[in-house]
Every structure is written in C-alpha cells, then in structure tokens.
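Chemist: Below you will find the structure I want to go over with you.
The values are calculated or read from the model by the stated rules, or taken from the named source; none is laboratory data. Fair warning: this is a prediction, and the values are worked out from it, not measured in the lab. Cβ placement follows ideal geometry from the backbone for every residue including glycine, while neighbour counts extend to all protein chains displayed.
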Amino acid sequence: MNGHDMVLSRYEIRLSGLGGQGILTMGRLLGQALALHHDYYVTQTQSYGPEARGGASRADLVVSSEPISYPKTEYLDLLVALSQEAVGSYAHYLKPRGTLVVDTGLVRQTPSNVFLGLPFTALATDGLGVPQATNVVALGAVAWLLPFARPEAVRKSLKAALPDKIRAVNIKAFNLGYSEAKKRLGEPVAVPDPTAGGGDDERMELCNIMADD
Amino acid sequence: MSQVRKKRREAFLLGNEAVVEGALAAGCTFYAGYPITPSTEIMETMARRLPQLPDGVFLQMEDEIASMGAVIGASLAGRKAMTATSGPGFSLMQEQIGYAAMTETPLVLVDVMRGGASTGLPTSPGQGDVQQARWGSHGDHPILVLSAADVPECLEMTVTAFNFAEKYRTPVVLLLDEITAHTREKVSLPEPGDFEVFSRPVPTMPPEWYKPYEETLRGVPPMPPLGTGYRFHVTGLSHDLLGFPTSRPEEVAALVERQFRKIDRFFHDVQLVEHVMTEDAEALVIAYGCVARSARLAVRQAREAGVRAGLLVLKTLFPFPRSHVEKLLRSCRLAVVPELNVGQISREVKRVNEGYAAVRTINRVDGQIIAPAQILKEIA
Amino acid sequence: MSASSKGQNRVVVYPDWCKGCGICVAFCPKHVLAPGPDGKAVVVDEDACVNCGFCEPHCPDFAIVVAPRNGNGVNGRPNGKSPATDATHGKEDCP
Amino acid sequence: MAEVTQLIHQYLRHNKKFPLVFCPGCGHGIVLGSLVRSVHALGLSKDEVVVVAGIGCSGRIAAYVDFNTVHATHGRALTIATGIKMANPGLTVIAVMGDGDAFSIGGNHLIHAARRNIGVTALVLNNFIYGMTGGQCSSTTPEGAYSHTSPMGQLEAAFDIVELTRAAGASGVARGTVFHVKALDGLIAAALSQPGFNLVEALTPCFTQYGRGNGFKSAVDMFKWLKDKAVPLEAYEKLEDKAGRIPIGVFVKRDAPGLETRYAAMRQRLLEKRGGAA
C-alpha cells in the first residue's frame, strides 16, 4: 500500500495543462486530500484570469510537515504537464532531480528523456469513454507516484467533492490512473529527505506497493 | 483572539472562503456586494450561505456604491453587515466609507488588493491600497485597517474586524491580497463559542433621554436598531449630540475629537502585531499580508545563516502600531520593509523611525510576489 | 368644506412661520387673507371664510390653521397660539 | 380643516428650528405635509416609519419629521433604503429625493431599485433644478430652460420619469403636484400601501432657482402654472393638444411582491427543504 508518513520540507507540485482539462479541480482534490486526510500543511494556488481562460492552466501545491511560509511554488519537485505548451512553460522550474510527468498522447517533445509518461487522455477516452475524466486519471497516477499520498484519502476527497451522478465514473478513472501508473511507471518517485541535508541527492527507498483494487 | 484549538471540523479553503466563515462566526447576517476579481469568491460563498440562515440576507447590488449603501442601511437596522471588493470597487466605496465613519455605523469591508492603479492587474497581487484604506475618503475621520497573511488568519481577522467594528462603531477595512485570497489551506471551522463575539452597545435609557452622539466612558455612544422606539436622525453632515446638523465650531470640534478619541484611547486593543524572533533581532523585517509569509521564510533562512533576523508582522495597519515598531527600531540596526507597492507602509515606518535604524524598502509593483530570496538578500 | 360653514370659522396665521410667499392670498376664493405690511399673510375677512380647505395644506410652512369657531379652538387653545413659539397670533380679530 | 396643520405639528420635531429652511413659496413643505398626512391616514406608528433622504433641499425634510430619519449621501438614499428594508422588512421605508438625487447621480440606483422591486417608496421632489447648489440644470430640467449651467438654454432632453421607471419594473409609478395636494396625499398613501417599489413624483416649484430665470414672476405664478398645465391622466389622454400639458395621476399599478417578500419566501423554501431532508 502506498502512503507512508514521511517528513517533508516544502515538497512542490505543479499540475498544468490546458483550460478545460480540469487542472484546477485536480489541484483542489489533491490539496484537499493531503491537507485534510494527511498530517501535512498544504497551500494550493492556481492561475486565474485571462491566462486561465485562454489556454494554459495550472494549479500549484506546496506540501510540508512544517507550517508553510511562502505559499507559492519556487522549484518544483513534481511537474505534471498535460500539454506540450505546459512542458515548454514550466519544465525549467523543476529541481534537478524533480520529476516530470506528461500525457504521452499530447506531449511530443520533452526537454530531456528523463520523464514519466502515460496517455492520460487516451486512457480516459478509450478506456472509460469519458474524456472529461482525464484529470482524474492523472490524479490517480499522481496518487501512485507520491509515496506519501494515501490513495484512499484521495478517493475520499473525490467522493466528497463530486455529485452522485459522476462519482462512480470518476472513482473508476482514479483507479485506472493509479493502476496504470503502478503497472507502467514503476515505483513512486523519490522524495528529498529533509533530515539528510542536500536532500535532492538522496533517493527514497522504494516502497512496497500493493495495488488498492 | 481567544481561539480554542481542539480536534474539529476542517476544510481546505481559499482565503476568500475563510473570510466568509469568519464573518458568519462573528454574527454577520447581511452581505451586499458587486463582483470583482480577486474578491469574488467571498460574494459567491455568501450567496450560497446567507439564504440558509433564518435571517440571512444576500444582495447583489448594481455597483460598489450601492453595496456600501445597502450595508450601511442594514447596519443601521441592527445587522452585522459586510461587503467585499477590490481596487476599482474600493475607490467607488470611499464616499460611503466616510459616511459610515461620520455616522459611526459599524461595518466590515474586505478589500482584496490586486496589482496596479486603475484596472491594473486584476488577477495579480498588490498592496497598493494601504494608504487609500486610511485616507481614501475625504475629510478627517477615524478608521481601522487590518490585514491577514494566510488562510486561517483570514478567518480570524474577519472575526476581529467585526468585533472592532461593533465595539468602536466604525467601519473596519480588512486588506487582503490576491495571493492570500486565492491560496487554499486547511482551516479549522469555527464552532459556536470559539471566538469572543462583540455586539454594539444599545441604549438602555428611555427613548426620550437618548442622545445618539453623546460622549460615553469609552467615547462610543450606544446605537439602537432603527424601528425600536429610538427615533433619531442620522446624517453625514457635522452633527450635534442629538444627531442634527450643526456648524457651531465647538460642536463640530467635539464631534471630530470624540470620533478620534474613541479609537485613540484603545490603541492597546486595536494595534495587533505578531513578533517572530524579534527579541534579539539586529535585522528586522516589517511586513504584512502575503509578503509576511515570504519574510517568515527569509528570516528563518537568515537565522540559519547566522544572521540575527526578526520579523514584525503587522496585523493592524491603521492606526499604525507605532509603539511596537518604534521599540524595535531602537534595538535593531536595519529595518527592511518589503511591500507590493512603491512604499506605503515604509512611509509610516520612516515616519516613526527618527534615525534609530537604517530603513530599506523592497518594492515590487509588477504583479509578482516578493520572493523570500529577495528579502534574504537584503537582511543577510 | 361648504358654503354653509361661512362665518363660522376661525383663521389663524402664525407670523413666525409664515414667509409671505403669497400662495394662500392668491388662491383664497373668498379673499379672507391679504398680504400684511411685511408681506406675510394676515386675516382680513374671517367671516368670509368657507373653510374650503385650500390654504391649510397649501401653506408650505404649516403656518395657517382654520378651525370652527364653536369648537375647542385652534390647537385646543382658545386663542390659537402657535404650539412651537407661542408667538403673537395673526390678526384674527380683524373684521 | 384645523386638524390638517395641527396633525402635522404632531409629527414635527419640536426641537428643530422653524420656520422650515426652504425658500418662500417652495413646494417642499407642502410635500412634507402630504407625506405626514399619508402616513397618518394609514395608521402607521412613527416608530415603524423610516425616511431616508438624499442631499439637496429635499434632503432637509428628513430632519424635520419625527420618524426614524437618515440623511444619506447624495444620490444614495435608495441604496441605504434597500439595505434597511431587506434587513427589517417590517419597517415602512420611504426614500425622499430630489430630481438630482433620484435621476442624475442616483439614476442607476433608481432603475435597479425598480428592477428588483424592493419594497421602498420613492418620493421624488422634482423642481427641475439643483436648488441647494444655486440653480444648475438637472436631468429633469426641460429642454430650452435656463439655469446657471445651461445659460444658453438646456440642449439636452429631460428624462421621461414615468416611462423610465415603468420600463425598469416598478410596482407603481405616479405623479402629482403640490397644487393638487389632496390628490398627492392619495398618491403617496397608495404608494405606501402597495407592495414593491413605488415611485411618486411630486412636482414642486422652485421659484428662487428655476422660476425666476424662466419667465415666472413669482412663486404664486408657478402654482398657477401647475394648476393650468397639470391634467389628470384620463383627461390628458383625451386632449387633442397635449403640448405643454403634464399628466398627473397613477401611471403604473402592478400587483407584484417586493424583493423582501420574495427573499423571505426563498429562505422559507430552503428551510423547509432542510427540515424535510432531516
């Protein structure tokens, strides 16, 4: 099972993509799960205004075991990019050992070949027949990749936030993303250990992973 | 603030949403407003919440002037009432702020500051409304201006704003910024009894003996809701003890003096600050709002680097907490005032400094937040 | 309100409140009122008053009272003094 | 008739300075009397009446009457009145405004008060001019009329207040004059008793600032003009030559609940829904 209690010092996440992909909802759901169902401090911010309407969309999270002073992201530990444009705009904010996750169906080019990818949109469209669930599929993958995230907490947050009508399909989407990530992306990502100093260089021990379903 | 911390209902809220929770906890039952970015979520949340209360009233008015008018009317009728806006709307509200100050009508106005003058940067943070909050309405009048730096504080300071408004019969402006308003964080939802909640004093004498603007021990006259038998006159004109217009110099002066005195006497109550490692600080940062969060990190980083840095967070901006600032300026060599404007609170800091410390400013007006590194550079 | 009340009315003008606008004088159908030396209205022919109901509500300054003579007097006071000022009443004794 | 004046005396604040501040021949005092008689006729207690006045000559009315009185900022009387009515629907709220207040600086508030049909009675004292500031044209100054800010004659057209307020959705719209004061009493009383937003326009001459510059010889002359030109609506419609004539009476009378009533109903529905679910 994923979801170890870990000591975090400003773990920074950016979820990004195009307007309409549900990036902001994804950010809120993830933040809610981490803030309310884990013992972490979380700040979540997002892009607003014409930027948010026109094309690019992003939601940022800072997750920490300590109270968070500066609420915005500075250097990303995890960047999820669901569009080529998002990769281009934000990849350079990644820490040297940060993790880039892309939608392989939409992103043709990455700045380096160190990235993780799944065809989130295709999974939602072909696997579920619900292209609107792309964000939740990606959320499932993120829940797998973050070793400190408990998938059942994210599911709880999902259930609480969604109306009855679309709850079932979104839980399905979440599980699909989670299991696809587990199957195809390997282990959860390494998280810097704040107690070790120079945390970026430290790699996490791989977690023992059990599929939830 | 007497907040009891125990295991309780929690929510992952925007700063704007936390304002609503604070307002409702303080007994607010009336909201009138006009949508404007980045304050709109306050209004939208109020629109959902207030009609659920047995006596809650939510109104979307035709503009910000009307919003303030409705809030004033509701307050006169005995309600705890508020509105929220941002820069351009705040400018429109100034006329009515003066009216509320002159008529001593309690109300809370949340201004979520965005970048730039005029329409400026609607979705970017700024702190350019600070001096306007103090002096935006014409003529000399007292006013309280508060700020909040994070989401739980949005809730707490909204309660404080209502308490001050009621206690001192004055308009209270709560200044937030786009960052604070649009950040989501975990908030403990208030339960009844968590906060001490004040309500305005009401007259306890027979109506014929009631003088609506008479001096009292605290300088704050009691205020009956309209329609309860105390038929008095409310006017924005300079008025006498009975509330009727007067231009007699001694009556006019007495009114203005009492209006200032009712707050000046209680500086110790209204001037709220937070000290972060200031006891031995050589390098002091004075900040408020979202910039205070950056400063907090910078100060910690400076301490780690061996610099004796400290932070004074201003929660009350006006009346400017002079005694707190002055005391620290005497003991530090450097004071850095980072703000998202060209220098509005630094102006106050310099005013009270009197040569004790070197005052440096960090000013940013490009719609971007001041990052911790920028502050660290100045103090380390 | 009718001619039948002719000669039975008392008409009082409070000079303190009258500003001499002349409305009552101009529109009084029976010429009961006339401008006095200072321009303010005075009662010149009280007996002619038919209590038509024009002057009282049309006085912008609430300075005219018309009441039946056999009633309790104006404002409950036999001599119709102004309630606010107790000033000398108008010349209601004029013929 | 004695009760007319004595009644008004009972409603005045006896510690206020008299005579009224208005100029000789100003119709505002007549409207004030009309307002008092209407409130009295409806049997309302002084405590349940709130008068919110704007700025200008008409604004001074508020200080004289022994109701709950609010002297607002210029043009904003309706906004404060709206807040009061929504906060306490049990109160009878009357917004007393001048033409500048209601139709110029407060024009936006007027059309929105009418649109949301808030249960407030707007009593507009229209004298075609800014009196207190010394005679500048307003948005009801007739085309061609002279004022200090239209010294060559007003080029702009005046608002058609009836059509404006009707279109905006008011429950009731009426017009009276201070010459036709009995009718005016009735119009105000009807407005006060009808739910929703009701506007009564009272034409009240200003000889000092308007009349003198526009060919009137005296205040009395202006009253004569009102007497001659104002025609009850039914008669007006039959007139062949309507030029220069002013229709008076009730123009709009809709049976529509005020916003405060609709709001209370919504709250009740929500309450029942919650109660039912629980």
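Chemist: In the list B:A84, B:A77, which residue meets the criterion of being within 12 Å of the chain's Cα centre (by Cα) and either within 11 Å of chain D (Cβ to nearest Cβ) or under 20 Å from B:G22 (Cβ atoms) (or both)?
Modeler: The conditions single out B:A84.
Chemist: Can you name the residue in region B:133-148 that is in contact (Cβ under 8 Å) with a residue 60 or more places away in the chain and not hydrophobic (A, V, I, L, M, F, W, C) and is also farthest from B:H182 (Cα to Cα) among such residues?
Modeler: B:D140
Chemist: Where residues in region D:34-52 are facing chain B (nearest Cβ under 9 Å) and aliphatic (A, V, I, L, M), which of them is farthest from D:T5 (Cα to Cα)?
Modeler: The extreme case among them is D:V52.
Chemist: For region B:337-361, which positions are within 23 Å of the chain's Cα centre (by Cα), outside any loop (DSSP other than H, G, I, E, B) and hydrophobic (A, V, I, L, M, F, W, C)?
Modeler: B:V337, B:V349, B:V352
Chemist: Within region B:21-45, which residues are without any contact (Cβ under 8 Å) to a residue 40 or more places away in the chain and in contact with a helix residue (DSSP H, G or I) (Cβ under 6 Å, 6 or more places away or on another chain)?
Modeler: Listed by number, the residues that qualify are B:P35, B:T45.
Results for (1) in a helix (DSSP H, G or I); (2) surrounded by fewer than 20 Cβ atoms within 10 Å (Cβ to Cβ); (3) not acidic (D, E), shown as yes or no for each residue.
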| position | (1), (2), (3) |
| --- | --- |
| B:T228 | no, yes, yes |
| B:L237 | no, yes, yes |
| B:L241 | no, yes, yes |
| B:E251 | yes, yes, no |
| B:R258 | yes, yes, yes |
| B:R261 | yes, yes, yes |
| B:D269 | yes, yes, no |
| B:S294 | yes, no, yes |
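Chemist: For C:G80, indicate whether it is part of a loop (DSSP other than H, G, I, E, B) and either among the hydroxyl-bearing types (S, T, Y) or at pLDDT 95 or above (or both).
Modeler: Spelling it out, it is not the case that C:G80 is part of a loop (DSSP other than H, G, I, E, B) and either among the hydroxyl-bearing types (S, T, Y) or at pLDDT 95 or above (or both).
Chemist: Let me ask something else about it. Mind checking which residues of region D:2-55 are surrounded by fewer than 24 Cβ atoms within 10 Å (Cβ to Cβ) and at positive phi?
Modeler: Selection gives D:G43 alone.
Chemist: For region A:101-122, does any single residue satisfy the condition of being in a helix (DSSP H, G or I) and within 14 Å of chain B (Cβ to nearest Cβ)?
Modeler: No: region A:101-122 contains no residue that is in a helix (DSSP H, G or I) and within 14 Å of chain B (Cβ to nearest Cβ).
Chemist: Still on this model: D:V70 fails exactly one of the following numbered conditions: (1) touching a residue at least 24 places away in the same chain (Cβ under 8 Å); (2) within 7 Å of another protein chain (Cβ to nearest Cβ); (3) of a type in the set (V, I, T). What is the number of that condition?
Modeler: Only one criterion in (1) touching a residue at least 24 places away in the same chain (Cβ under 8 Å); (2) within 7 Å of another protein chain (Cβ to nearest Cβ); (3) of a type in the set (V, I, T) is unmet by D:V70, namely (1).
Chemist: Can you tell me which residues in region A:90-113 are β-branched (V, I, T) and in contact with a Leu (Cβ under 7 Å, 6 or more places away or on another chain)?
Modeler: Across region A:90-113, the qualifying residues are A:T99, A:V101, A:T104, A:T110.
Chemist: If B:P192 satisfies all but one of (1) surrounded by fewer than 24 Cβ atoms within 10 Å (Cβ to Cβ); (2) closer than 14 Å to B:A84 by Cα, what's the number of the condition it fails?
Modeler: (2)
Chemist: Which of the helices (runs of 4 or more DSSP H) found entirely inside region A:1-94 contain at least 3 residues meeting this: among the hydrophobic types (A, V, I, L, M, F, W, C) and crowded, with 21+ Cβ neighbours inside 10 Å?
Modeler: Those helices (runs of 4 or more DSSP H) span A:23-36.
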